[in-house]
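Just so it is clear, none of the values below were taken in a lab; they were calculated from the coordinates. Since this is a predicted model, take the numbers as computed values, not measurements. Methodologically, a virtual Cβ is constructed for each residue, glycine included, from the backbone with ideal geometry; neighbour enumeration extends over all protein chains shown.
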Amino acid sequence: MPRLSPNVARIALSSLRAPPRPIPRAAIAFARPAATTLAITLPFSWFAKEKPLHESHLPTEQETTADMSDKVQKTDSEWIAQLSPEQFRVLRQGGTERPGSSPLDKKFDAGTYHCAGCDAPLYTSKTKFNSGCGWPAFYDTVPGAVVRHEDNSLGMTRTEIVCAKCGGHLGHVFKGEGFNNPIDERHCVNGISLNFKEEEKK
Ligand SMILES: [Zn+2]
């Protein structure tokens, strides 16, 4: 083993004994706002039970270069500014509203149900039925308005339904439950994801 020269040993020792250097003022000035930002942004995503912010429907680089002329794409900040906190949680983070909480569940007036995020017409009263499940239920959509994805969250495989125009989470679709409708499907939709527009009386 090589022997350290006395000089090297002295330098090494002196650096160990040296008092900690004071942090430059510039570094503190920089660190403070960063820490404040972290404190503001952390709890919001930290406590969200559903998809964290970075997993919600943010456009990827590839998507933004594709032809998206008909699509609505917004940043999370823009959605937060536009939607209520509960709408943001459900539409943009894949949350579920409390069953029985939506007044639209028991609404059967003639009209159209639009996406609460981008206003696209998604369902009509013609395909709405009373499922008794606590959420508005439809057996069909406005053609092309709703897209299906496999959802493996919560330890089960379900079919998630999202708005084709803005990607907003609507709910899930279930098949073969024995409901008396033409295709035996139930689009179980969070009422908070929808805005009802009554049909104009002629
Ligand atoms: Zn939408």
Lys pairs, the range 65-202 - Cα-Cα below 23 angstrom, 8 or more residues apart or on other chains: 25
For the range 72-198, what ratio Rg/Rh do Cα atoms give with a Kirkwood hydrodynamic radius? 0.94
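Let a ≥ b ≥ c be the square roots of the eigenvalues of the Cα gyration tensor of the range 75-128; is it rounded (a/c under 1.5), or, if not, prolate (a/b larger than b/c) or oblate?
Values: a/c = 2.85, a/b = 1.60, b/c = 1.78.
Oblate.
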Please list the radius of gyration and Dmax for the range 123-191, considering alpha-carbon atoms only, with Å as the unit. 11.6, 34
May I ask you to list the trypsin sites (Lys or Arg not before Pro) in the range 106-180 that are in a DSSP loop and have at most 12 other Cβ atoms within 10 Å of their Cβ? K106
